[in-house]
Amino acid sequence: MTNKTVLIINGTDDKYSYASKGELNTLLADTSADYLKDRGYKILRTTVKDGYNPKEEDEKWKEASCIIFQFPVYWFSAPAVLKRYFEDIYNGGQYYKGGTEYGRGGLLNDKKYMISTTWNAALEVFEDENSFFRGQSVDEVLADFHYTHSFIGLEKLPSFSVNDVVKNPNVPDYISKLKIHLSNIFD
């Protein structure tokens, strides 16, 4: 990437007692920031649950060439706090305009995005065609997220996810795998 500015959006939420308090997603967002900063990237950050100013977010989006979304998956999608962010921020005129065909008016065609997600679902649930997700990939399960970002013109980079994070956490492995993933994309 010629513009070496990355916006990392931490979409974790700590609103619900049954969910984690966001430590793992924050650690993964910090890992991405530290890894990329060590390679000469300028890092911009937003932790959605802590609040944000739409005008400041617009400026971050203008500056960034790549956006990394770090979030836990709640009910097969991004947390509500992250969806609210999209509704608040993507309404600005810098994100899309009317196109000649529905979904073809995105204005961020010079930017890319990556998702990094945490799941309570075990990896086997995605790999087994007889299991709950019927062999669908993380990206297929999160199709609505990808359609949203295609709509505003972003180009998708390979996704990263970790699984079974509540019952069988392996944080050192997650960090190692994330760094390998980032290396494959950014180095």
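Hydrophobic (A, V, I, L, M, F, W, C), surrounded by 15 or more Cβ atoms within 10 Å (Cβ to Cβ) and in contact with a helix residue (DSSP H, G or I) (Cβ under 6 Å, 6 or more places away or on another chain): which single residue out of Ile175, Ile152, Ile115 fits that description?
Details: Ile152 fails: in contact with a helix residue (DSSP H, G or I) (Cβ under 6 Å, 6 or more places away or on another chain); Ile115 fails: in contact with a helix residue (DSSP H, G or I) (Cβ under 6 Å, 6 or more places away or on another chain).
Matching residue, one of Ile175, Ile152, Ile115: Ile175.
Being touching a helix residue (DSSP H, G or I) at 6+ places or on another chain (Cβ under 8 Å) and acidic (Asp, Glu) narrows it down to one residue among Asp50, Asp58; which is it?
Result: Asp58 is the single residue among Asp50, Asp58 that is touching a helix residue (DSSP H, G or I) at 6+ places or on another chain (Cβ under 8 Å) and acidic (Asp, Glu).
Confirm whether Arg104 is farther than 24 Å from Val171 by Cβ and of a type in the set (Lys, Arg). Reasoning before the result, please.
Working: farther than 24 Å from Val171 by Cβ: yes; of a type in the set (Lys, Arg): yes.
Judged against the criteria, Arg104 is a match.
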- Query: Which condition number in (1) assigned to a helix (DSSP H, G or I); (2) of a type in the set (A, V, I, L, M, F, W, C); (3) buried (at least 20 other Cβ atoms within 10 Å of the Cβ) is the one that Val125 fails?
  - Reply: (3)
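Residue-by-condition table, conditions (1) surrounded by 21 or more Cβ atoms within 10 Å (Cβ to Cβ); (2) modelled with pLDDT under 95; (3) closer than 27 Å to Ser137 by Cβ:
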residue: Ile8; (1), (2), (3): yes, no, yes
residue: Ala19; (1), (2), (3): no, yes, yes
residue: Asp30; (1), (2), (3): no, no, yes
residue: Ile43; (1), (2), (3): no, no, no
residue: Asn53; (1), (2), (3): no, no, no
residue: Ala80; (1), (2), (3): no, yes, yes
residue: Tyr85; (1), (2), (3): yes, no, yes
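Condition (residue is under 12 Å from the mean Cα position of the chain (by Cα), touching a residue at least 24 places away in the same chain (Cβ under 8 Å), part of a strand (DSSP E or B) and closer than 29 Å to Ser183 by Cβ) applied to region 92-109: is it met by at least one residue?
Taking region 92-109 and keeping what is under 12 Å from the mean Cα position of the chain (by Cα), we get none.
No, region 92-109 contains no residue that is under 12 Å from the mean Cα position of the chain (by Cα), touching a residue at least 24 places away in the same chain (Cβ under 8 Å), part of a strand (DSSP E or B) and closer than 29 Å to Ser183 by Cβ.
Given the structure, is Asn120 assigned to a loop (DSSP other than H, G, I, E, B), surrounded by 14 or more Cβ atoms within 10 Å (Cβ to Cβ), within 19 Å of the chain's Cα centre (by Cα) and not β-branched (Val, Ile, Thr)?
Details: assigned to a loop (DSSP other than H, G, I, E, B): yes; surrounded by 14 or more Cβ atoms within 10 Å (Cβ to Cβ): yes; within 19 Å of the chain's Cα centre (by Cα): yes; not β-branched (Val, Ile, Thr): yes.
Yes.
Restricting to region 66-78, and then to whatever is in a loop (DSSP other than H, G, I, E, B) and surrounded by fewer than 17 Cβ atoms within 10 Å (Cβ to Cβ), can you tell me which residue is nearest to the chain's Cα centre (by Cα)? Steps first, answer last, please.
Here is the first cut: in region 66-78, the ones in a loop (DSSP other than H, G, I, E, B) are 73, 75-76, 78.
So of that shortlist, the ones also surrounded by fewer than 17 Cβ atoms within 10 Å (Cβ to Cβ) come out as 75-76.
Details: Trp75: 16, Phe76: 14 Å.
Of everything passing the filter in region 66-78, Phe76 is nearest to the chain's Cα centre (by Cα).
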- Query: Does Asp164 satisfy being of a type outside the set (A, V, I, L, M), part of a loop (DSSP other than H, G, I, E, B) and farther than 23 Å from Val6 by Cβ?
  - Reply: yes
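The values are calculated or read from the model by the stated rules, or taken from the named source; none is laboratory data. These numbers come from a predicted model, not from an experiment. Every residue, glycine among them, receives a Cβ derived from its backbone with ideal geometry; neighbour counts consider all protein chains shown.
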